[in-house]
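Student: Below is the structure I would like to discuss, written out as structure tokens.
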Amino acid sequence: MILTSFVPFRSFSTFLRFLIGSVFVLVCLKPCYSDNFEIERIGPQLAHPWGMAAINDTTILITTRPGKLFSYDLKLNTQNLIKNVPTAYEYRQGGLLDVAVRIEDGEPTVFLCYTKRMKSKKLTTAIYRAKLANHSLLEGKDIFISNTESSSGLHFGCRMALDDNFLFASLGDRGNRHYAQDPTIHAGSIIRIDLDNRFTLNRSRLHWKKEIYSIGHRNPQGLVFHPSTGELWAHEHGPRGGDEINIIQKYNNYGWPTVSYGKEYIGGDIGLNYSPPGYVDPIWKWNPSIAPSGIAFYFGAMFQELNNKLLVGSLKFMKLYVLTLDSNSKPISETTMLNNNLGRIRDIEIIADGSILILNDEEDGGLFKLFRKH
């Protein structure tokens, strides 16, 4: 078992959440998914951790929004700072955000989604690719820079998912909702990058930027492939209500802001609350908003009761949402776990032994492991 290291907490309330969650857990709802599990904090305190990705069965990479990248060995309980990371501009929701890893020629290649400050002094979203060796990034370069520069610090999106030779990434609307309906603007879209540079123009969508895969997104912060169906699932933040889960398909329009199931913060509808022809309905929505971040399908031996269920983190309600899927792999019901034990849940990762890793996005945040003793 990995030993928990004590680290000082900046607030008493965060310490209480940690203390309750670290000693013994206990969440039993209807239905009761996990009545015998534990949580422990592993590794040192991290300031606003944002994304994580496994290199192998024992090593993961973790980003922090202030701009640091760490590798953590789950077996040895050791952490190393990765050098030569691109300079991420931390401002409001921006900074060093998600990380993804794929193995190329037996060695890890790292992808980082981050906030880049341009010569105009405005901010945009970029994706960086580099090799990883000896705790350092090598031969790194930006492989994507969004064409949307803005002074806003809002709605970067920045979740990534890999599928064969393609990298998918979610891009928020940067606080300008009308960008999301323009297929020539990267903001408010989900993009697909061909890592082998084989892209050719699609004659049926000549007016679309070649990287844009779907449009009509507000601020997606969850992106994952279903391990059985191969479908790409995304969730995104609505405004006041109207958080969504969508199954992403090429050239689909997911509505924002023409269609929204949320309200203006000052009251009143935003667009239509139904999808007319040409727009795609979400397969799940939340009212009120839960502020979703992080997403994972559970397929593992440790928690049999969670198998074939979808896990979604909540920043707002500080819970882990568990969605039950029907025979067609569509959500039909939900319950919650970890109610207010860990603070703002930012990311989720399932590791080889079936344990669930969770990042909590706090000033005194860190990496937590949800597990069951055998």
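Student: Looking at 44, 108, which one is surrounded by fewer than 22 Cβ atoms within 10 Å (Cβ to Cβ), out of contact with any Ser or Thr (no Cβ under 7 Å at 6 or more places or on another chain) and in a strand (DSSP E or B)?
Tutor: 108
Student: Can you go through 123, 61, 76 and tell me which one is surrounded by fewer than 17 Cβ atoms within 10 Å (Cβ to Cβ) and not aromatic (Phe, Trp, Tyr)?
Tutor: Of the residues listed, the single one that is surrounded by fewer than 17 Cβ atoms within 10 Å (Cβ to Cβ) and not aromatic (Phe, Trp, Tyr) is 76.
Student: To continue, here is another question. Provide a single number: the residues in region 178-208 that are among the charged types (D, E, K, R), farther than 14 Å from residue 166 by Cα and modelled with pLDDT of 95 or more.
Tutor: So the answer is 1.
Student: Could I ask something else about it? If residue 314 satisfies every condition in (1) more than 16 Å from the chain's Cα centre (by Cα); (2) buried (at least 18 other Cβ atoms within 10 Å of the Cβ); (3) not hydrophobic (A, V, I, L, M, F, W, C) but one, which is the exception?
Tutor: Only one criterion in (1) more than 16 Å from the chain's Cα centre (by Cα); (2) buried (at least 18 other Cβ atoms within 10 Å of the Cβ); (3) not hydrophobic (A, V, I, L, M, F, W, C) is unmet by residue 314, namely (1).
Student: I'd like the residue in region 310-331 that is touching a Ser or Thr at 6+ places or on another chain (Cβ under 6 Å) and farther than 25 Å from residue 93 by Cβ and, out of all such residues, is modelled with the lowest pLDDT.
Tutor: 329
Student: Continuing with this model, one more query. Inside region 116-151, can you point out the residues that are of a type in the set (Gly, Ala, Ser) and either assigned to a strand (DSSP E or B) or under 17 Å from residue 50 (Cβ atoms) (or both)?
Tutor: Answer for region 116-151, where residues must be of a type in the set (Gly, Ala, Ser) and either assigned to a strand (DSSP E or B) or under 17 Å from residue 50 (Cβ atoms) (or both): 126, 130, 133, 136, 140, 150.
Student: Let me ask something else about it. Need pairs with beta-carbon distance below 7 Å; first residue free of Cβ contacts under 8 Å to residues at least 24 places away in the same chain and within region 91-111, second among the charged types (D, E, K, R); sequence gap 6+ or separate chains.
Tutor: Pairs found: 109/102; 109/129; 109/131.
Student: Just to verify a result, which residue in region 265-309, among those that are closer than 21 Å to residue 221 by Cβ and among the β-branched types (Val, Ile, Thr), is farthest from the chain's Cα centre (by Cα)?
Tutor: 270
Student: Another question, then. Quick one: in region 152-170, of everything that is modelled with pLDDT of 95 or more and in a loop (DSSP other than H, G, I, E, B), which residue is nearest to residue 102 (Cα to Cα)?
Tutor: The extreme case among them is 159.
Student: Those residues that are outside any strand (DSSP E or B) and surrounded by fewer than 21 Cβ atoms within 10 Å (Cβ to Cβ), I need them from region 64-73; list them, please.
Tutor: If the condition is that a residue be outside any strand (DSSP E or B) and surrounded by fewer than 21 Cβ atoms within 10 Å (Cβ to Cβ), then 66, 67, 68 are the ones that fit.
Student: Here's something else I'd like to know. Only one residue in 22, 34 is at pLDDT below 95, touching a Cys at 6+ places or on another chain (Cβ under 9 Å) and either surrounded by 15 or more Cβ atoms within 10 Å (Cβ to Cβ) or of a type outside the set (D, E, K, R) (or both). Which one?
Tutor: 34
Student: Can you list the strands (runs of 3 or more DSSP E) found entirely within region 275-326 that contain at least 2 residues being more than 23 Å from residue 239 (Cβ to Cβ) and not small (Gly, Ala, Ser)?
Tutor: Passing ranges, in order: 292-298, 309-314, 320-325.
The values are calculated or read from the model by the stated rules, or taken from the named source; none is laboratory data. Note that the coordinates shown come from a computational prediction; the quantities given were computed from them, not determined experimentally. Every residue, glycine among them, receives a Cβ derived from its backbone with ideal geometry; neighbour counts consider all protein chains shown.
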